[in-house]
Amino acid sequence: MKTASNAMTDSLKSQYFDLDDVGDAQEFYHSRGWTDGFPIVPPTPEAVQACLDWVNMPANELIGIEPVRERSIEAEKLAINAVMAGCLPAHFPVVVSAWMAMLKDEFLLHGATASTGGCAILVILNGSIRQEIGTRSDFNVLGSSDRATSVIGRAIRLALINILQVSPGAIDRSTLGHPGKISYCIAEDEEGSGWPSLAESRDIPKEASAVTVFAAGAPRQIMNEWTRKPEEILDTYAAEMRANLRNYSIWSGNYVVIMPPQHREHMRVAGWKRKEIANYLFEKARIKRSEWSTVGKGSVVRDKGDTEYCALSSPEHLLLVAAGGPAGGFGAVIPPWLGAKSQAVTVAIGACIDCEPSIPN
Amino acid sequence: MMIRVLNPTSESVVATLNPAPRLTGLKGKTVGLISNGKEGTDGFFSHIERLLRERYQVAEVVLRIKSNYSAPAEGEIIEEARSWDLAISGLGD
């Protein structure tokens, strides 16, 4: 094996290694703790440069700085990890934008990746980039629905492991974690929803593609195929949100609700859109602190038993996502890791966050 | 065929901080406790305080609680810590 201080192109500065073959590369990366346990695509200078070229960024472009440990994230390192995850150059803009969002103070990236709570970073895609990179929003949407979302989600995790040392037992102190920590990325079924997209509901222009990141627990699946009434369907989702308030954390925050076509059709017929759904869940997803005593947490109810706690501190905190296969009354609630102390962040893909705002005429 | 591959880690050398001068004893000192505010911290830090006062005769114990247990301590706590002889930070749950 040969090593040197920089790669063979002029712009790439990473240390490089000359290895015998692809099999050798697998063991080389695994043995150094640089993978998630699955095989990686060897990050050659050519593949890494292709990702950088796609986003028109120099290798040393500063994507951002992790605010707590003050570690800089440069485009070259993100690209290396994206290639390892299996990303094509066309996937890389999503990875870059997701990281820009994750590095916002309100996301609390260090806490989200270090906490014993073991959340994953859920990435939700909106806009035309979904079709450009071949995402799917229907069958098995929370599993291996398509190549693009699988490798983008994995790229987020590999970059955390390698750039920020978020390995289990190092920075990552999760008690359990969950399978979303391998890859956790979905695209919204905008064409099938009849609603404005999630990104639009969060003030991103309709024409822009966008990414939303959310420090999220595992999906809790619900099922209700026995009613067409919006209220009754949403009562099932609200019950799962209340269960999370009791069983996991009582603090309000963003909640993702994944709603499949079967439920959405009943909403459409009744004239219920984002606003009606969010208002209903805002009202229904509440518990009294005294309910903690029903799940073994009576010792911390104290004199606040009558205090009411909302899952959503306002209807706008709901992240309603249209997704799922065409048949089945199965939806999901994806709860927040730490209530409102870590907030979902939405950014437009390809937007210049450091540019001066345009001056109105 | 040989392949050339790149290092995915940060590679950056992080400057190490020099530890504060070690104390030779605790008697008469001011000790600050920085709690993350979780449920278990009450018992943990009250026990630590008792030990510090009874066994080590510290002069004063100051307890400060972070507002977010998964974020760093607020700037004012860090600033106040400059006046302490010793700081103890712990999870307590």
Give the residue that is nearest to B:SER35 (Cα to Cα), with candidates limited to residues of the range B:60-88 that are of a type in the set (A, V, I, L, M) and free of Cβ contacts under 8 Å to residues at least 40 places away in the same chain. B:ILE65
Which condition breaks for B:PHE44 when tested against (1) within 14 Å of another protein chain (Cβ to nearest Cβ); (2) in a helix (DSSP H, G or I)? (1)
Go through the range B:7-19 and report how many residues are within 18 Å of B:SER89 (Cα to Cα) and surrounded by 19 or more Cβ atoms within 10 Å (Cβ to Cβ). 0
Set A:ARG157, A:ARG136: member being buried (at least 18 other Cβ atoms within 10 Å of the Cβ), among the basic types (Lys, Arg) and more than 30 Å from A:SER72 (Cβ to Cβ): A:ARG136
Would you confirm whether any residue within the range A:87-105 is within 24 Å of A:PRO219 (Cβ to Cβ), part of a loop (DSSP other than H, G, I, E, B) and free of Cβ contacts under 8 Å to residues at least 12 places away in the same chain? no
Out of the residues in the range A:203-236 that are of a type outside the set (Val, Ile, Thr), more than 20 Å from the chain's Cα centre (by Cα) and not in a loop (DSSP other than H, G, I, E, B), which is surrounded by the fewest Cβ atoms within 10 Å (Cβ to Cβ)? A:MET223
Does the range A:118-127 contain at least one residue that is in a helix (DSSP H, G or I) and of a type outside the set (Asp, Glu)? no
Please indicate, with yes or no, whether at least one residue in the range A:20-27 is within 13 Å of another protein chain (Cβ to nearest Cβ), in contact (Cβ under 8 Å) with a residue 60 or more places away in the chain, surrounded by 17 or more Cβ atoms within 10 Å (Cβ to Cβ) and in a helix (DSSP H, G or I). no
Identify all residues within the range B:20-50 that are surrounded by 11 or more Cβ atoms within 10 Å (Cβ to Cβ) and closer than 13 Å to B:LEU86 by Cβ; write none if there are none. B:LEU23, B:LEU26, B:GLY28, B:LYS29, B:THR30, B:VAL31, B:GLY32, B:LEU33, B:ILE34, B:ILE48, B:GLU49
Selection from the range B:67-93 of residues surrounded by 18 or more Cβ atoms within 10 Å (Cβ to Cβ) and within 14 Å of another protein chain (Cβ to nearest Cβ) yields B:TYR69, B:SER70, B:ALA71, B:ALA73, B:GLY92
Only one of A:ILE40, A:ILE63 is within 11 Å of another protein chain (Cβ to nearest Cβ) and either within 25 Å of B:SER70 (Cβ to Cβ) or of a type in the set (Val, Ile, Thr) (or both); which? A:ILE40
Report the residue count in the range A:209-248 for those that are among the β-branched types (Val, Ile, Thr) and closer than 24 Å to A:VAL123 by Cα. 4
Where a residue in the range A:269-298 is over 18 Å from A:TRP251 (Cα atoms) and its partner, wherever it lies, is in a helix (DSSP H, G or I) and aliphatic (A, V, I, L, M), with Cβ under 6 Å and at least six apart: A:TYR280/A:LEU234
How many of the residues making up the range B:4-41 are at positive phi and within 14 Å of another protein chain (Cβ to nearest Cβ)? 2
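Here's the yes/no breakdown for (1) at negative phi; (2) out of contact with any Cys (no Cβ under 9 Å at 6 or more places or on another chain); (3) away from chain B (no Cβ under 14 Å); (4) of a type outside the set (Ser, Thr, Tyr):
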{"site": "A:ALA75", "(1), (2), (3), (4)": "yes, no, no, yes"}
{"site": "A:GLY86", "(1), (2), (3), (4)": "no, yes, no, yes"}
{"site": "A:PRO89", "(1), (2), (3), (4)": "yes, no, yes, yes"}
{"site": "A:ILE124", "(1), (2), (3), (4)": "yes, no, yes, yes"}
A careful count of residues in the range A:104-122 that are more than 14 Å from chain B (Cβ to nearest Cβ) and either surrounded by fewer than 20 Cβ atoms within 10 Å (Cβ to Cβ) or touching a Pro at 6+ places or on another chain (Cβ under 6 Å) (or both) gives 0
Which of the residues spanning the range A:158-188 are within 18 Å of A:PHE38 (Cα to Cα) and more than 14 Å from chain B (Cβ to nearest Cβ)? A:PRO168, A:GLY177, A:HIS178, A:PRO179, A:GLY180, A:LYS181, A:ILE182, A:SER183, A:TYR184, A:CYS185
Please indicate, with yes or no, whether at least one residue in the range A:165-178 is polar (S, T, N, Q), within 28 Å of A:THR307 (Cβ to Cβ) and buried (at least 21 other Cβ atoms within 10 Å of the Cβ). no
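None of the figures in this text is laboratory data; all of them are computed from the coordinates on show. Quantities reported herein were computed from a predicted structural model and do not represent experimental measurements. We place every Cβ from the backbone using ideal geometry, glycine too, and count neighbours over all the protein chains shown.
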